2 protein chains.
Amino acid sequence: MKTINVGICGLGTVGAGTAQLLEKNASIIQKRTGFPIKVTKAATIDPYEDLDIDFSEITVTDSVDDILNDSEIDVVVELIGGDGLAKKIILDALDRGKSAVTANKALLAKHSEEVFTAAYNSPGFLGYEASVGGGIPIIRSIKEGFAGDEIESFSGIINGTANFILSSMSNDNKDFATALKEAQEKGFAEADPTFDIEGIDTAHKVIILMELAFNALFEFDQLYVEGISGIESCDIKLAKSMGYAIKLLGMARNSQKGFEGKVHPALVKSDSMLANVQGAFNAISVYGNFVGHTMSYGAGAGSHPTASAVVGDIIDIGRRLSSLGGEQVPALSVPLDQLSKQTILPIDETESQYFVRFKLADENDIQAIKKSFQAAGIAVQQLSDLKQSSEAAQIPFAILTEIVAEHRLQALVKDLNNLPFITHPSKIIRVDS
Amino acid sequence: MKTINVGICGLGTVGAGTAQLLEKNASIIQKRTGFPIKVTKAATIDPYEDLDIDFSEITVTDSVDDILNDSEIDVVVELIGGDGLAKKIILDALDRGKSAVTANKALLAKHSEEVFTAAYNSPGFLGYEASVGGGIPIIRSIKEGFAGDEIESFSGIINGTANFILSSMSNDNKDFATALKEAQEKGFAEADPTFDIEGIDTAHKVIILMELAFNALFEFDQLYVEGISGIESCDIKLAKSMGYAIKLLGMARNSQKGFEGKVHPALVKSDSMLANVQGAFNAISVYGNFVGHTMSYGAGAGSHPTASAVVGDIIDIGRRLSSLGGEQVPALSVPLDQLSKQTILPIDETESQYFVRFKLADENDIQAIKKSFQAAGIAVQQLSDLKQSSEAAQIPFAILTEIVAEHRLQALVKDLNNLPFITHPSKIIRVDS
């Protein structure tokens, strides 16, 4: 069984996360793929000893050439960013027949033709799922899931920093400067936040998605790009009073007139799903002519989510490399001999928070219900308002419990249903945990 | 260049949609894949003449054996449902080395071991993306996107009928019986709605997702299944008053105690994304140990969205079959020679609805602004409240316009900014269309 050997260029946030993931989830990955994936070399010019990675089988070097020249390495992971050395790494790796995986949206947005041509002419593969939307598998969804659709448009919150700032301006009533400063203090914005707040990072991702969705190449400079630094508190308040939230969107549309593509703050209806994307999360809505309206949501950045996307690409490449030897991706993800039969826990053995609705003849009976919960040792976290009552002699009333074992709650409610003042069987609804 | 020949068993809603998609999007699919995909045979026992499909190159038969025995057919699409003939079709197709694509969740939930074993032992492939979540590529996301993650839990609204009923009970204050009746009249619920409202359909999908997420086989009968027929209007009102919506959820968790799996109505926080999934839409939230919280949203059923998933699987299989001959899935989805360079429309040539925020010295100046919009022929759809004002001599005030050409709006606002009573430059924010 072939081992897939990986060389990581750059041990920053995402590089370290990738090595951690491949170490921590090694056994489940091997179960799924049938082959081991090992990081054999890592290139970094920064200190790396404190990274919570087992370096006993990883050779650390300060030169990416040590990785590119290593004929044992199958997949070169480029996580140093920028379009200088990063570009050389990817082109060299592909030129040598290796596969390359990158999270580098700036490079792909500005040099897509060169990079994709190198990938096309190489026996190796190029993975770039991590370049857009962190852990959200949006590249794969468009390339494979919606492969039969004509993509008409997409629209998304694809910069977590900008969304974090706009969320805190809206939820906590902060002005732009304060919100930016806090984002920097919490590590959600860089010391130089220009790329994030001026929409440039979003624009890089829009170009990648446009090329993928519309099957064409575009010039980055033709994109209209406007950031959020001009948004004032009063804009957010006025928009909210009119039923809208303000979000930084990256959008494109294949319209009758031509290809629209733009990045700018936009009003979105307060009850829409995009309006409810909070903090550093990302969400991308895609409209296809058959699939209709879809949305994908998840962490748009960060060490572990982005590493998840990088490793998804490495596994994909590993599966393809091993399929050249006759193997296939099994329908249920893992080879059949790796599938065990497992039992599902009976519901009695699970626990949950519970909503219990009673119908009472008299609202004074609430005291007796509260006492019963107390006697059973099940804490009540919230009582419903009583103004909900309408039907005569059937006063609907509900209780929210703490998290408690199902069998204890069921036993209590069974007892309660036998009490004389419970006029109708009470209804238990679990709260999603 | 090999043509991928498809035989469709069942020309109901999804079968007809699949044939329509492969016909309507034929050229874009061939551009992406490099090979044509043709429906050569379709089996149906119902009338089919009015289906808006060009049957000139499709042989219609009333026997699925005509498809199974056809050595020219590469992919057999099973869309008749149930676990009788449907099972025979899939097992036979795989046994003959063909690939099979199905949307049949009941079959997979109850006979997964048999079906997946047949797929594992066949040189053909099995696609079942359409079995869960209609057009949402959730199978692909778990199998490939989160291939590096240990999936800890998932939770989802995966039955559009039940969600439609609960949405209309909540939004339109209807009782269960009325909401069900309306769902039936609008075609969102079947004459016998048992599978949908009693959670059985959701349970089928939970088993498929559990097997995929947890890499194990489970017994359908061990799943706790509770439907929504016991939910009363007062439950929804009480839950709403306490900050929750009620949704029918399918959930599973790989917990310390074992595998939890259950289907039941659940309270979800009103401001959560799941609570905002309305009508017949589906959403599935997956939590992985590296990717964290993700969510996928889209149409959970229906002819065209489900056809999108079926065709995604057919294309995937076609790409694999053709890669055995040396081709690869290109990084940018289409082969490089199919990529043209395209221009992006200048922002001036686009149109949008606009939010324009002014800062006024005196609120009486609003009349002048309104007149200017009128003179420019740009209709104002909404004016903000004026109570938002706070800073002295800077009264924030906003207008929402109709959809209008960008250059016209920009010209007007430029003129307005020159008026003496506009104390600060006004801010234009586009409304997401």
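The values are calculated or read from the model by the stated rules, or taken from the named source; none is laboratory data. If you're wondering where the values come from, they're calculated on a predicted model, not measured in any experiment. Glycine also receives a Cβ, built like all others from the backbone with ideal geometry; neighbour counts cover every protein chain displayed. Note: accessible area is taken over every heavy atom of the protein model, side chains too, but ligands, DNA and RNA are not part of it. Shrake-Rupley method; radii C 1.70, N 1.55, O 1.52, S 1.80 Å.
Please go through the range A:165-189 and give me each residue that is open to solvent by less than 40 Å² (accessible area, probe 1.4 Å) and touching a Ser or Thr at 6+ places or on another chain (Cβ under 7 Å), ordered by number.
Scanning the range A:165-189 gives A:169, A:176, A:179, A:183, A:189.
Would you please list the contacts, defined by Cβ atoms under 9 Å and residues six or more apart or on different chains, that run from a residue in the range B:176-190 that is among the hydroxyl-bearing types (Ser, Thr, Tyr) to a residue that is open to solvent by less than 70 Å² (accessible area, probe 1.4 Å)?
From the range B:176-190, the pairs are B:178/B:168; B:178/B:169.
For the range B:134-144, how many residues meet the condition of being modelled with pLDDT of 95 or more and either of a type in the set (Gly, Ala, Ser) or over 26 Å from residue A:25 (Cα atoms) (or both)?
Count: 2.
Test residue A:115 against the criterion of being within 13 Å of another protein chain (Cβ to nearest Cβ), open to solvent by less than 40 Å² (accessible area, probe 1.4 Å), in contact (Cβ under 8 Å) with a residue 12 or more places away in the chain and not in a helix (DSSP H, G or I), and give yes or no. Explain how you work it out, then say what you get.
Numbers: within 13 Å of another protein chain (Cβ to nearest Cβ): yes; open to solvent by less than 40 Å² (accessible area, probe 1.4 Å): yes; in contact (Cβ under 8 Å) with a residue 12 or more places away in the chain: yes; not in a helix (DSSP H, G or I): no.
No, not satisfied.
Among residues belonging to the range B:332-390 that are among the acidic types (Asp, Glu), more than 8 Å from every other protein chain (Cβ to nearest Cβ) and outside any loop (DSSP other than H, G, I, E, B), point out the one that is farthest from residue A:234 (Cα to Cα).
So the residue we want is B:337.
What are the residues in the range A:353-370 that are over 44 Å from the mean Cα position of the chain (by Cα) and among the charged types (D, E, K, R), if any?
Those that are over 44 Å from the mean Cα position of the chain (by Cα) and among the charged types (D, E, K, R): A:362, A:363, A:365.
Sort through A:74, A:62, A:66 and tell me the only one that's without any contact (Cβ under 8 Å) to a residue 24 or more places away in the chain and in contact with a strand residue (DSSP E or B) (Cβ under 9 Å, 6 or more places away or on another chain).
When all the criteria are applied, what remains is A:62.
(1) modelled with pLDDT under 95; (2) over 29 Å from residue A:296 (Cα atoms): which one isn't true of residue B:92, the others all being true?
(1)
Restricting attention to the range B:253-270, and to residues there that are facing chain A (nearest Cβ under 7 Å) and not aliphatic (A, V, I, L, M), which single residue is surrounded by the fewest Cβ atoms within 10 Å (Cβ to Cβ)?
First, the residues of the range B:253-270 that are facing chain A (nearest Cβ under 7 Å): B:257-262, B:264-268.
From what is left, the residues that are not aliphatic (A, V, I, L, M) are B:257-262, B:264-265.
Values: B:257: 10, B:258: 15, B:259: 18, B:260: 22, B:261: 29, B:262: 26, B:264: 21, B:265: 26.
By that ranking, first place goes to B:257.
I'm checking my understanding of the structure. Among residues of the range A:284-295 that are under 16 Å from residue B:285 (Cβ atoms) and within 8 Å of another protein chain (Cβ to nearest Cβ), which one is surrounded by the most Cβ atoms within 10 Å (Cβ to Cβ)? Steps first, please.
Within the range A:284-295, the subset under 16 Å from residue B:285 (Cβ atoms) is A:284, A:294-295.
Now restrict to residues that are within 8 Å of another protein chain (Cβ to nearest Cβ): A:294-295.
Working: A:294: 29, A:295: 26.
Within the range A:284-295, the match that is surrounded by the most Cβ atoms within 10 Å (Cβ to Cβ) is A:294.
Given the criterion surrounded by 15 or more Cβ atoms within 10 Å (Cβ to Cβ), in contact with a helix residue (DSSP H, G or I) (Cβ under 7 Å, 6 or more places away or on another chain), closer than 22 Å to residue A:291 by Cα and not aromatic (Phe, Trp, Tyr), identify the matching residue among B:90, B:53, B:28.
Among B:90, B:53, B:28, only B:53 is surrounded by 15 or more Cβ atoms within 10 Å (Cβ to Cβ), in contact with a helix residue (DSSP H, G or I) (Cβ under 7 Å, 6 or more places away or on another chain), closer than 22 Å to residue A:291 by Cα and not aromatic (Phe, Trp, Tyr).
I'd like to know if the range A:240-252 contains one or more residues that are under 24 Å from residue A:145 (Cβ atoms), open to solvent by less than 60 Å² (accessible area, probe 1.4 Å), assigned to a helix (DSSP H, G or I) and at the interface with chain B (Cβ under 9 Å from one of its Cβ atoms).
Within the range A:240-252, not a single residue is under 24 Å from residue A:145 (Cβ atoms), open to solvent by less than 60 Å² (accessible area, probe 1.4 Å), assigned to a helix (DSSP H, G or I) and at the interface with chain B (Cβ under 9 Å from one of its Cβ atoms).
Which one of these is in a loop (DSSP other than H, G, I, E, B), buried (at least 20 other Cβ atoms within 10 Å of the Cβ) and either among the hydroxyl-bearing types (Ser, Thr, Tyr) or within 26 Å of the chain's Cα centre (by Cα) (or both): B:21, B:11?
One residue alone meets the criteria, B:11.
Taking residue B:134 as the residue in question, decide whether it is part of a loop (DSSP other than H, G, I, E, B), on the phi > 0 side of the Ramachandran plot and open to solvent by less than 10 Å² (accessible area, probe 1.4 Å).
Working: part of a loop (DSSP other than H, G, I, E, B): yes; on the phi > 0 side of the Ramachandran plot: yes; open to solvent by less than 10 Å² (accessible area, probe 1.4 Å): yes.
Judged against the criteria, residue B:134 is a match.
Output the residues belonging to the range B:59-84 that are surrounded by 14 or more Cβ atoms within 10 Å (Cβ to Cβ) and either in a helix (DSSP H, G or I) or not assigned by TED's automatic domain parsing to the domain that holds residue B:44 (or both).
Initially, the range B:59-84 is screened for residues surrounded by 14 or more Cβ atoms within 10 Å (Cβ to Cβ), giving B:59-61, B:64, B:66-68, B:70, B:73-81, B:83.
B:66, B:67, B:68, listed by residue number.
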